[in-house]
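*Asks:* Here it is, the structure in full.
The values are calculated or read from the model by the stated rules, or taken from the named source; none is laboratory data. Model, not experiment: these values are computed from the prediction. All Cβ positions, glycine included, derive from the backbone under ideal geometry; neighbour counts span all protein chains shown. Just so you know, the surface numbers come from the protein's heavy atoms only, side chains and all, with ligands and any DNA or RNA stripped out. Shrake-Rupley method; radii C 1.70, N 1.55, O 1.52, S 1.80 Å.
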Amino acid sequence: MTTAATTTRPSSYNDLCAAMHELGTLGSISALVGWDQETYMPPKGTEARSDQSALLAKLMHERATDPKLGEMISVCESDPDLQDPTNAEFANVREMRIDYDKATKLPGDLVSALAKAQSKAQDVWKSARKNNDFKSFVPALTEVMSLTRRKGECLGIPEGGELYDALLNEYEPNATAAQIESIFTPLRGKLSAFIQEVADNGDAPDVSFVHREIPTEKQHGFGMKVIKAFGFDTDRGRLDTTTHPFCSGFAPGDTRLTTRYALTNFPDAIGSTMHECGHGLYEQGLPKETGDFGTPLTQAISLGIHESQSRMWENMVGRSRAFWSWALPIAKEMFSPTMDDVALDPMVRAMNTCTPSFIRVESDEATYNLHVMLRFELERAMISGNLDIKDLPEAWNTKFKDMLGLDVPDDARGCLQDVHWSFGLVGYFPTYTLGNLYAAQMWETINDTITDLDEQMAKGQFGELLAWTRAHIHVHGRRYSAGEIIERATGRALDPEPLMRHLESRVRPAYGL
Ligand code: ZN
């Protein structure tokens, strides 16, 4: 495939791809040492590891901003053989230009000031959260936010947009705050009303049996069985244990999944495993093995689309009755005798709870989105200057009561719970709910296309589902924007209704509504 393509490609383009391949390889080394740090590195390796990571980051930055790379991109942009906008090569050069401009727009002093402020703010945040002391975090967070604002200004406000968009585009290219607001606002109202209805009239499922103790090795064995059935290729990837699960698809033929195990909460572990597996299936489906590894068309288009793949396997598949029809007998046998008395009905109900709570990462599939919307509204206000950092707790608590109906007891369980803002990660949160929205919309199309999907899943067959995601999402890399991918795959623009329909279809039966 590679050779046939390269013979007809201009040499300017091949040179550019070779440079990107080296940059991609450096990135894969950096990801590898990062993965090792989170999994197997002994505690005393920290200092040398941070030297290794810093050196790699410096080398990568030098390459990514090298004027020679800029010239190579310019040569391709004016090459008469690369002018057809419908060609993959055209899209690849277009995306390289975007990356190059972004990398060269940020002045070195800003990058290092931000890195310093982030690492300080992270330390301060840790103790502020531990001591429930927001006041002590205000100066550090104020500094990070003001540098983040400067970063947005350097990246440039998209035409007709706002400063927040410049930051959002780092994670979700082409998305705008206004567009997200237009989807989140109707969803927020419906979701809040639905959650209230469930609280008032629902018959809450019994979840006590999911807290029975199951040894970690048995949970790992079950997780491996599930991800192999999903289609994760263990010759091109592996699953290891960590504290904060993640997936790193760093090179052709090498995608690492990590998960965590709680002795008395096996759905939490299998949920994490299926979630990271969804990310891993996307990574394994990107066309990295074409020889153009390192170029944009072999990379994920956005965090939202990445998250749509993880949420689809974790939620649409992993909380469904069809999935558990297949998986429960396997779990019962592997965990025997702990789960011997658990029937399908209670299992499915326990997987689809809906209960407002304070902590985002512990929340259920439905209420999760309200946690995200709250953060989106607050960070947008902080960036635009409409919300003073010192007033964050009050704004948080008021919105929380309004959206989730609970009085926040303290800032540790309120605005201090997430690490993101101390890192200057603004524009990141909405991609979680965008992922849910994309996944729900894809899920409707998939079920219209594969009409016996439930029967297939109940037999442990996921191949046709995976093939759909490969053909409609994975194969494109960054060729199309996230919005274009959704339109091409589902025939329509992003819409909040499919997610609402999906959540109701799962939660209503679980609560006897
Ligand atoms: Zn994820």
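*Asks:* Would segment 402-419 turn up any residue that is modelled with pLDDT under 95 and open to solvent by less than 20 Å² (accessible area, probe 1.4 Å)?
*Replies:* Yes.
*Asks:* How many of the residues in segment 275-306 are open to solvent by 20 Å² or more (accessible area, probe 1.4 Å) and within 16 Å of the chain's Cα centre (by Cα)?
*Replies:* 7
*Asks:* All but one of (1) outside any helix (DSSP H, G or I); (2) under 16 Å from Val348 (Cα atoms); (3) within 15 Å of the ligand (Cβ to nearest atom) hold for Arg319; which doesn't?
*Replies:* Just one mismatch for Arg319, condition (3).
*Asks:* Still on this structure, I have one more. Restricting attention to helices (runs of 4 or more DSSP H) lying wholly within segment 427-513, give those where 1 or more residues are open to solvent by less than 50 Å² (accessible area, probe 1.4 Å) and of a type in the set (S, T, N, Q).
*Replies:* 430-449, 453-458, 463-472, 482-490
*Asks:* With more than 19 Å from Thr353 (Cα to Cα) and among the acidic types (Asp, Glu) as the only criterion, which of Glu197, Glu170 stands out?
*Replies:* Just one listed residue meets the conditions, Glu170.
*Asks:* Here is a follow-up. What's the number of the condition Trp313 fails, among (1) away from the ligand (no atom under 16 Å from the Cβ); (2) open to solvent by less than 20 Å² (accessible area, probe 1.4 Å); (3) among the aromatic types (Phe, Trp, Tyr)?
*Replies:* Trp313 satisfies every listed condition except (1).
*Asks:* Could you please find all residues in segment 232-246 being surrounded by 20 or more Cβ atoms within 10 Å (Cβ to Cβ) and in contact (Cβ under 8 Å) with a residue 40 or more places away in the chain?
*Replies:* Across segment 232-246, the qualifying residues are Phe232, Gly237.
*Asks:* If a residue has to be aromatic (Phe, Trp, Tyr) and farther than 22 Å from Glu504 by Cα to count, how many in segment 317-370 make the cut?
*Replies:* 2
*Asks:* Let me ask something additional. Regarding Glu333, is this residue farther than 17 Å from Ile227 by Cα, under 25 Å from the mean Cα position of the chain (by Cα), away from the ligand (no atom under 12 Å from the Cβ) and in a helix (DSSP H, G or I)?
*Replies:* In short, no.
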